Amino acid sequence: MSLSAQLALNQRLDTIAHNIANVTTPGFRGEGIKFDSLVSDLGSNSIDYASIGRSYINTQGGEIVQTGNPLDVAIKGDVWFALSAGKTQVYTRDGRLQMAPDGQLLSIEGMPVVDPGGAPIKLDPRAGAPVISSSGAITQRGKQIGALGLFALDPAAKLSYFRNSSVVSDLPATPVVDTDRVSVVQGAIENSNVNAMSEMTRLISVTRAFENVQSAVSDTEKSYSDAIKTLG
């Protein structure tokens, strides 16, 4: 039982450390742990063991802050931008974009940003900064040249971290056509949804719990050792 508690608390410490390290990462979604109780039947007695937990990514939105940069975009609503990572499509809320010399629209880490159909977006590098509407439509010099892909992830999907703050879904994402409930904000970025103060409080609490379990294990081992010496 003590071992299972230590494993569970260690998993929680790793998760909290990961969240704290990404407090300032735009678009980052914090990680949480779901713990279950496993029951081992021992005749008329039973012992509950804590599992090491199942991790999940908290998709709650972060604060949107204005930057004034026309290539910064944020989303209001439960949808994601999509990036092409070779044969894999990944999703992000980090809207810090950049335009390559050839006009290709890229993420902050250089991955192509895709449209609703999954195709890379290419701008005119000679036409100046793009204008991006609340629906994600991209125009330059008054002419629409593309649109940002907005994708909804299945609530039942298992998300895992990719590079930076992007994620991979184990279920297909759905392009969002009806943008009445979502909107793109140009000249802004979304902060991480991690609350630094809450995570620090959890870190202290879990660290103390881990120390208490270790102390209990040491006390138990000492009691066994003393009993063996006495019986011997």
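The values are calculated or read from the model by the stated rules, or taken from the named source; none is laboratory data. Owing to the predicted nature of the structure, the values given are computational and were not obtained by experimental measurement. Please note: Cβ atoms are built from the backbone with ideal geometry, for glycine as well, and neighbour counts cover all protein chains shown.
Only residues that are surrounded by fewer than 17 Cβ atoms within 10 Å (Cβ to Cβ) and closer than 17 Å to V185 by Cβ: list them for region 104-134, please.
Selection gives A129, V131, S133, S134.
Quick check, is Q104 at pLDDT 95 or above, in contact with a Pro (Cβ under 7 Å, 6 or more places away or on another chain) and either within 27 Å of A127 (Cβ to Cβ) or not charged (D, E, K, R) (or both)?
yes
Specify the residue that is modelled with the lowest pLDDT; the eligible residues are those in region 7-31 that are exposed (fewer than 15 other Cβ atoms within 10 Å of the Cβ) and under 14 Å from the mean Cα position of the chain (by Cα).
Residue satisfying both the conditions and the ranking: A17.
Against the condition under 21 Å from Q104 (Cα atoms) and surrounded by 15 or more Cβ atoms within 10 Å (Cβ to Cβ), how does L159 come out, does it pass? Before the answer, list the steps.
Values: under 21 Å from Q104 (Cα atoms): no; surrounded by 15 or more Cβ atoms within 10 Å (Cβ to Cβ): yes.
Answer is no for this residue.
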